[in-house]
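Asks: Okay, handing you the structure first.
The values are calculated or read from the model by the stated rules, or taken from the named source; none is laboratory data. Here the structure is a predicted model, which is why all the values come from computation and not from measurement. For neighbour counting, all protein chains shown are included, and Cβ atoms are generated from backbone atoms with ideal geometry for every residue, glycine included. Side chains included, ligands, DNA and RNA excluded: accessible areas come from the protein's heavy atoms. Shrake-Rupley method; radii C 1.70, N 1.55, O 1.52, S 1.80 Å.
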Amino acid sequence: ESTAKRVATVGAGVSGLAPIKCYLEEGLEPTCFERSDDLGGLWRFTVKGRASLYKSVVSNSCKEMSCSDFPFPEDYPNYVPNSVFLEYLKMYANQFNLLKCIQFKTKVCSVTKRPDFSVTGQWEVVTLHEGKQESAIFDAVMVCTSFLTNPYLPLDSFPEYKHPDIFRDKRVLVIGMGNSGTDIAVEASHVAKKVFLSTTGGAWVISQVFDSGYPWDMVFNMFRNSLPTPTVNWLIARRMNNWFNHENYGLIPEDRTQLREPVLSNELPGRIVTGKVLIKPSVKEMKENSVVFNNNPKEEPTDIIVFATGYTFAFLFLDETVVKVEDGQASLKKYIFPAHLQKPTLAVISLIKPLDSMIATGETQARWAVRVLKGKRMSNRGTYMFSVNKLPPSSIMIEEVNARKKNKPSGFGLCYCKALQSDYIPYINELLTYIDAKPNLFSLLLTDPCLALTIFFSPCTPYQFHLTGPGKWEGARNAIMTQWDRTFKVTKTRVVQESPSPFASLLKLFSFLALLVAIFLIFL
């Protein structure tokens, strides 16, 4: 095995906590450096001084899709406000005794290779704590700062948005129609005189409350990549327009061939139809007290402009020879390991945009990365047969990364063509395969058919990732079997008499028939 033992983690936000837990489970000695005075990263609201979410933000992923081997309390709402989410992160840290490994108010100034890196793979980490600079040697480093680090706007010229009171009786322009921009526009419309929401390419808008009251991502997550991409795009457009016709509201995406994360908003259509929010094209010109939109010569008076134009990322503590950022992405194998390093002793976590939970994705990345850093032998069921403590040769990894950057669509399923985008389920499955933690449905059909059918006909909740292999959790099966109970317990705050559902009976019959067919196919 490798000699990797002392491991440094940069960042104690959502992306940084799971790696610390993985280190401890593998018997390593983690030290996490967090520049602020508490954990939580972006989820810890602050008025100024660093990037954070605005006060009213609510999670985009429901609680059942946002956890793994530590479920949210069952009385938590399905979509969690940021203050409640922060409570959960603190409970997570206490549950797994992570706080002892975190050094708060400690900024990482630099991470550099040791002179003998080609032999030892070690790193020198220089930190700053209360004005005092220190240096330490680590066998491995895991960078967990995510891609939401630097707001993409001139902060020295424009104040950050944190609370809607600044919009009262003002004419507001919000530039950017992602989830944050839409939230801010809707929130501002309750107190502002007028709100414009400017979008370059439009977007699909979806309610968090899907058919029959299910959380949207627990239903969308069940979408399989077995249909041709044009068919998938047609089905998505049809489903989105079932709620309201996006073309009539000026929202329909201009490019419907590539998947863009849908905007989650229960309120936006209602704010548009009542004239509280006006959808506009991109801005052509900004003047002192007004703006001009493209395809419209009229000047619109504006008091406040909000840039909801996303984030950029950079690793200022790393030399470009270690990780170089180009065109919004880095040359990382499986979005984790720098492809050109002589020793795989540095990993980057959560530098990826799956259409699902970042928490589960980052944790699965960390589980694989820790095994590589420690030098565990990986599975031979992956693309390559890895030897102890070795990834494929750099030439193979660089070729793989370059091919991924070209983003050639497969022709089936959802089309992910933007930087850092990845298909959640195939990506997770690949990482789980590397560590022999992917559940085998055929084996489960023989040993636990009830669980196998539940997995097959239910959303791919992260509990499934802990059924077997490293990081196995004994409570995973029960969490899967009771996930719908937790989903609706929090909404059933008034007891009502349940009526028998013919659909439920048909589903049970179909499940039984599917079980018989599956068993028959196994023994063919």
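Asks: Given a 1.4 angstrom probe, what's the average accessible area per residue across the stretch 153-309, in square angstrom?
Replies: 51
Asks: Provide the per-residue ³J(HN,Hα) series for the stretch 115-120, in order, calculated from phi with Karplus coefficients 6.51, -1.76, 1.60 and θ = phi - 60°, each as a whole number of Hz, with x at glycine and proline positions.
Replies: Using θ = phi - 60°, the values come out as x, 9, 4, 4, 9, 9 Hz.
Asks: Now, a different point. Rounded to the nearest 0.05, what FRET efficiency is calculated for residue 441 and residue 193 with R0 set to 60 Å and r the Cβ-Cβ distance?
Replies: The computed FRET efficiency comes out at 0.60.
Asks: Could I ask something else about it? Heads up, I need the accessible area for residue 249: 1.4 angstrom probe, whole protein in place, Å², nearest 10.
Replies: Approximately 60 Å² for this residue.
Asks: What FRET efficiency do you get for residue 116 and residue 402 if R0 is 35 Å and r is their Cβ-Cβ distance, rounded to the nearest 0.05?
Replies: 0.70
Asks: Taking only C-alpha pairs under 8 Å that are 6+ residues apart, what is the relative contact order of the stretch 153-309 in percent?
Replies: So the answer I get is 34 percent.
Asks: Using a 1.4 angstrom probe with every protein chain in place, what is the largest-first accessible-area order of 67, 109?
Replies: Numbers: 67 0, 109 45 Å².
Sorted by accessible area, descending: 109, 67.
Asks: Additional query: Put 129, 246 in order of accessible area, largest first, 1.4 Å probe: what do you get?
Replies: Result, largest first: 129, 246.
Asks: Expressed as a whole percentage, what fraction of the accessible surface of the stretch 293-350 belongs to carbon and sulfur atoms when a 1.4 Å probe is rolled over the protein heavy atoms?
Replies: 47
Asks: Enumerate the calculated ³J(HN,Hα) couplings along the stretch 331-347 in order (Karplus 6.51 cos²θ - 1.76 cosθ + 1.60, θ = phi - 60°), each rounded to whole Hz, writing x wherever the residue is Gly or Pro.
Replies: After applying 6.51 cos²θ - 1.76 cosθ + 1.60, I find 7, 10, 5, 6, 6, 10, 9, x, 5, 9, 5, 5, 10, x, 10, 10, 10 Hz.
Asks: Report the full-extension gain for the segment residue 234 to residue 290: residue separation times 0.36 nm, less the Cα-Cα distance, to one decimal in nm.
Replies: Extending this stretch completely gives an extra 16.3 nm.
Asks: Take peptides 490-497, 172-179, 24-31 and line them up by average Cβ neighbours within 10 Å, highest first, as a rough protection proxy. If you can, show how the numbers build up before the last one.
Replies: Numbers: 490-497: 7.9, 172-179: 22.4, 24-31: 16.1.
Result, highest mean first: 172-179, 24-31, 490-497.
Asks: Considering amide H positions built from the backbone, and no H for Pro or chain starts, which residues 5 or more places from residue 333, or on another chain, come under 5 Å of its amide H?
Replies: Amide H neighbours of residue 333: 339.
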